[in-house]
1. May I ask you to list the residues in the stretch 1-54 that are among the acidic types (Asp, Glu) and touching a residue at least 12 places away in the same chain (Cβ under 8 Å)?
2. Specify which of the listed residues (ALA11, ALA71) is in contact with a Pro (Cβ under 7 Å, 6 or more places away or on another chain) and open to solvent by 50 Å² or more (accessible area, probe 1.4 Å).
Amino acid sequence: MRTVSSRRGHAVKLSGNEFVILATLTKSPGRYVSKDDLLVAVAGLDHDLHHSVIDTYIKYLNRSLQEAHSAATIEKSLHAGFRLCP
């Protein structure tokens, strides 16, 4: 479990994979990150995970952000992937 702070100063507790996804999204501010790139960030190049696992982690991450009263959300584009909206 990792803890990060929102811009409003609230603590956000994240699992290791949620943290990796959030860190990956913050490295590309305003740009979409593909599901493939997020999957590689979470599991590495030699992964045997289905793409749907990223959707699950994004759902949990958005829930964690909401529970911490963070203004940030993760937006999904069917063709482009995901991006962090502060």
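1. Across the stretch 1-54, the qualifying residues are GLU18, ASP36, ASP37.
2. ALA71
The values are calculated or read from the model by the stated rules, or taken from the named source; none is laboratory data. The structure presented is a predicted model; accordingly, all values stated were derived computationally and were not measured. As a convention, Cβ positions derive from the backbone with ideal geometry for all residues, glycine included, and neighbour counts pool all protein chains shown. Note: areas computed on protein heavy atoms with side chains; ligands, DNA, RNA excluded. Shrake-Rupley method; radii C 1.70, N 1.55, O 1.52, S 1.80 Å.
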